[in-house]
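Notes follow the structure.
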Protein chains: 2
Amino acid sequence: MKKLTCLLLLNSLFVFAQVNDEQKIKEIYKSALTNAKCYPWLDDLSNKIGSRLSGSTGAEKAVLYTKAQLETLGLDKVYLQEVMVPKWVRGEKEVGYLQIGKQKITFPICALGGSVATPKKGLQAAIIEVNSLEELIALGTEKVKGKIIFFNRPMNPEFIETFKAYGSCVDQRSSGAREAGKLGAIAVIVRSMNLRLDDFPHTGATNYGETPKEQRIPAAAISTNGAELLSKSLKKNPNAPFYFKQSCQTFDDVLSYNVIGEITGSEHPERIMIVGGHLDSWDLGDGSHDDGAGCVQSMEVLNIFKNIGYKPKNTIRVVLFMNEENGVRGGKEYEIQSNKNKENHIFALESDSGGFSPRGFTIEADERNFNKIAGWATLFEPYFVHKFVKGHSGVDIGPLKSNHIVKVGLQPDSQRYFDYHHAANDTFDAVNKRELELGAATMAALMYLIDQYGIGENL
Amino acid sequence: MKKLTCLLLLNSLFVFAQVNDEQKIKEIYKSALTNAKCYPWLDDLSNKIGSRLSGSTGAEKAVLYTKAQLETLGLDKVYLQEVMVPKWVRGEKEVGYLQIGKQKITFPICALGGSVATPKKGLQAAIIEVNSLEELIALGTEKVKGKIIFFNRPMNPEFIETFKAYGSCVDQRSSGAREAGKLGAIAVIVRSMNLRLDDFPHTGATNYGETPKEQRIPAAAISTNGAELLSKSLKKNPNAPFYFKQSCQTFDDVLSYNVIGEITGSEHPERIMIVGGHLDSWDLGDGSHDDGAGCVQSMEVLNIFKNIGYKPKNTIRVVLFMNEENGVRGGKEYEIQSNKNKENHIFALESDSGGFSPRGFTIEADERNFNKIAGWATLFEPYFVHKFVKGHSGVDIGPLKSNHIVKVGLQPDSQRYFDYHHAANDTFDAVNKRELELGAATMAALMYLIDQYGIGENL
């Protein structure tokens, strides 16, 4: 009988907890949909401040703005964490055209992030189209030397998740210049990482690896429509020279900051749960989806907890990382400082996949912790959040290596992300208020559950 | 032993069928994402033809265009079905302003569909804000008589599904003029059914019911920003008169058509499965989401079957219904003709909730048939289609009353739908190609499964 009573008691406690969680999560979503600040915050970041490339005035302004906004929330601490970041500047508008007799066909291009400039007067050479690094390497030095290499493999539309299409295509952008340079090419033009046919060139980092500075060759992206036209033009005029000019430049590293705010835990102040995105963006648009959305959603998590009067047991910290796009210096510095201060991180949640309707989470955890999180799926059903899968969490929280830390990435609907990613049309109007707010609520709901029931070593 | 062999055989048949279905559904999605016509079809409907209000030139052109496109698909039959439809014309751009002393505050308004005109010179009267039909009725004849009634209850953002917010708000638009007219009001202005604050007035049908023609009062929608400003202005100037002019007109019914195409079933030609949307739209935008998307997705289902070489057992019929928006005459006529011809419809699928990422289905069926469809959920998991719920299927297939028919509505993500619904910004650029294609594939996959395994009385 004693055992039965015990079981009944446990059962009723469980039912009570379940109902309580349902209620709390309902409050979280209601707060996000009726009383959120994330959308006006994003409006300011996008329309008053604009692009926020590391080392730029926009990035500096964004640091001050978000710190000031966090200070209005009544948190226990708001502070800046110093971090040295690279400073790369695009310079003048890039020029690229194919010369066919007296006719010039001009293409929308933009320097890839980190690229070197062309000579001041530009460069001109025959251009060879390839579809992969393998195809480039098979051509060999003889055919590549002195040429411009045009990487034109499109993202594969068959993938349902567009991030998979990106992952299987982006080697052209990240490694194209390095590999073509080894074979004596003098420049590369890379098809934009975009599933849509349009006129926006999409930038993004290119990585020269160990290539000595004087051997680095300039790299630019071309819009998808431009890539189609260039390919077609080259089929008719394979020897037509391509003219290419860009004046981008890398300066010395400059001082910048991660922006941090926290609510100190009421029971376990030493256990830290972080939620974040990256404050820097590329320079072409406003960085509204990448990753203004993730920043304001992360700030909103703390705003929601304040609004509904939830006092977390563990310390909840929002971190707006600097320099994800071209160096991850903010993420790395955060980990260094965390180790110095002997901090104990139990959980990290990142939003860096755009401000679209939330669909679920990708979870980096062992089986036991994964099952714990996936076990909460029914609590998310009323909000149509249904994907609980193992997978990469986020680039900024990547360096965090505390013992047993569990890391999660918010997974919004991915269909539209690469329409805007790293391009001039990643602007505020491309973000829907409700989709952004639902993402923030979904993040807050998971933070709440982890705070209530523990994770990692605290299971 | 015999029983065991039998069971093993059955089991291996089941596994074979499952693998086969997975493979076929994969082909369906691949076809939609790599080889679809729905997006260029929508481009033509939206940008070459434009709005398609019943009885308009646009509607006529759309009938001819979609019939011609269906004829290119190699179907077994393509034909038009005659249907008489109402013809309502907006006339000149509407004018609405509040007169405060010498100052005029002008508001973005548009006549509600079916509304009568104001007198030619417009009308002017004091305007009273209410939040519901109940509040109007409580005011009574004395306070309402001679006034303009301003319905200003916003859609409730707390609903996760925006259609629920719409459903609990739209009575102001559909019944406001009728009810206010009974109490002697001379006109109504209704806050647009839009969760976003912007400057687009959203039209939509208003229903006078049995009100005699001469007693009908004019009704217009005001943009959400306009409604906020009007409310604020009235708080300061409660007696300021509102001026309102519109010149819309209802003409005699005109002849139009449902557009129909079909692949005759190879095993059960007499069993008909339909898939459809409505070809008419409101007159302000292009009707790209409502319901150009549903039309081209429905056409795409047949295109996909042709592309992958799938020969359906049952007759698969696409129906593009005329006049959903202001009369449902196409849906009603289709049912009348179906009965005359003693047709046997076993299944109907409608897409009329926008061309957004597909999330699932709402299913009108008895328990047995519902469970059958919901039992296929795992086949849709790779495509992130996860909602299998009971609910309203669609307005056009509503009149279909064949014995045991099962009816389903495609449920796309609903967050952005009411940003565009019935407004001037429901245009082609608001539709994402991949989201549209994924919707079409999701419809084709369900049609395939129903065709393979039967439904309704054929279980």
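The values are calculated or read from the model by the stated rules, or taken from the named source; none is laboratory data. Only a predicted model underlies this, so the values are computations on that prediction, with no experimental measurement involved. Cβ: placed from backbone, ideal geometry, glycine included. Neighbour counts: every protein chain shown.
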Which one is nearest to the chain's Cα centre (by Cα), of the residues in region A:104-128 that are surrounded by fewer than 19 Cβ atoms within 10 Å (Cβ to Cβ) and assigned to a strand (DSSP E or B)? A:THR106
For region B:442-459, check the following and say yes or no: at least one residue is closer than 30 Å to B:LEU284 by Cα, modelled with pLDDT of 95 or more and part of a helix (DSSP H, G or I). yes
Pull up region B:430-459, narrow it to residues that are away from chain A (no Cβ under 11 Å) and of a type in the set (Asp, Glu), then point me to the one that is farthest from the chain's Cα centre (by Cα). B:GLU457
Matching residues in region A:383-420 (within 14 Å of another protein chain (Cβ to nearest Cβ) and within 13 Å of the chain's Cα centre (by Cα)) number 6
If you check A:TYR243 against the conditions, is it part of a strand (DSSP E or B) and at pLDDT 95 or above? yes
When residues of region A:263-282 are filtered for being buried (at least 24 other Cβ atoms within 10 Å of the Cβ) and outside any strand (DSSP E or B), how many remain? 4
Please enumerate the residues belonging to region B:156-171 that are without any contact (Cβ under 8 Å) to a residue 60 or more places away in the chain and either in contact with a helix residue (DSSP H, G or I) (Cβ under 7 Å, 6 or more places away or on another chain) or within 14 Å of chain A (Cβ to nearest Cβ) (or both). B:ASN156, B:PRO157, B:GLU158, B:PHE159, B:ILE160, B:LYS164, B:ASP171
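Table: residues versus (1) within 25 Å of the chain's Cα centre (by Cα); (2) surrounded by 18 or more Cβ atoms within 10 Å (Cβ to Cβ); (3) in contact (Cβ under 8 Å) with a residue 24 or more places away in the chain.
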residue	(1), (2), (3)
B:VAL63	yes, yes, yes
B:LYS67	yes, no, yes
B:ASP76	no, no, yes
B:GLU82	yes, no, yes
B:VAL85	yes, yes, yes
B:TRP88	yes, yes, yes
B:VAL95	no, no, yes
B:GLN99	no, no, yes
B:LYS102	no, no, no
